[in-house]
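Since every read-out is calculated from the coordinates, none of them should be taken as a lab result. This one's a predicted model, so the numbers in the text were calculated from it and none came from an experiment. With ideal geometry, Cβ positions are generated from the backbone for all residues, glycine too; neighbour counts draw on all protein chains shown.
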Amino acid sequence: MGDLFDDDFLQRLRKDYLKVLQGKGGNCPCCDRTGKYNAFSITKKNAQALIWIYYNGDEHGWVNTANNAPREFMRAKTFSNMRYWGLIEPYPNDDKEKRGSGYWRITNKGIKYLKGEMSLPHKAYIYNRTLMGYGDKEVLFTECFKEYFKLDETRRNNFNDRNSQ
């Protein structure tokens, strides 16, 4: 076994673990912590939340999502993942007892995206709340509202479900 403090040995461990993270995930060879890259997509709910933040911010754009956002956005809180694309930003939090202030605002990049002036990568790959990279496929804001799948229609057409007619 190699010297744990040898830079070459640590570099090999990091390189091997990076491959594990990019695949199905696994345990770190140093600390045994389980890790995996998580893929987040820009979804219809994210796009709706972006519109809501845009129209409900104060004169500086800040809105208290924790207290004022519609329940559908707060239930899963996936709207906050839009920070990985730079579409929204959190208000600085001075209270170390809390994870965040509860206030968010749309960024200039978010406004450009909302207005259809730019496209963004559809997927962001995150590890330990850190952006690791983006997917290749780009998506426009309006494409977030396309309907790709209708469960009732699929059931009715494929399974001859009498209850969904």
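State, as an integer percentage, the relative contact order of the range 38-145 based on alpha-carbon contacts under 8 Å between residues 6 or more apart.
Reported as a whole number, the value is 30 percent.
According to the square roots a ≥ b ≥ c of the eigenvalues of the Cα gyration tensor, what is the shape class of the range 38-145, taking rounded for a/c under 1.5, prolate for a/b larger than b/c otherwise, and oblate for the remainder?
Oblate, since a/c reaches 1.5 and b/c is not below a/b.
Going highest first, how would you order 86-98, 47-59, 63-75 by mean Cβ packing within 10 Å?
47-59, 63-75, 86-98
Report the full-extension gain for the segment residue 36 to residue 108: residue separation times 0.36 nm, less the Cα-Cα distance, to one decimal in nm.
22.8 nm
Fewest Cβ neighbours within 10 Å first, please rank 31, 144 accordingly.
By the 10 Å Cβ count, ascending, the order reads 31, 144.
Taking the Cα-to-Cβ direction at residue 60 and at residue 91 and moving 7 Å from each Cα, how far apart do the two end points lie in nm?
0.8 nm
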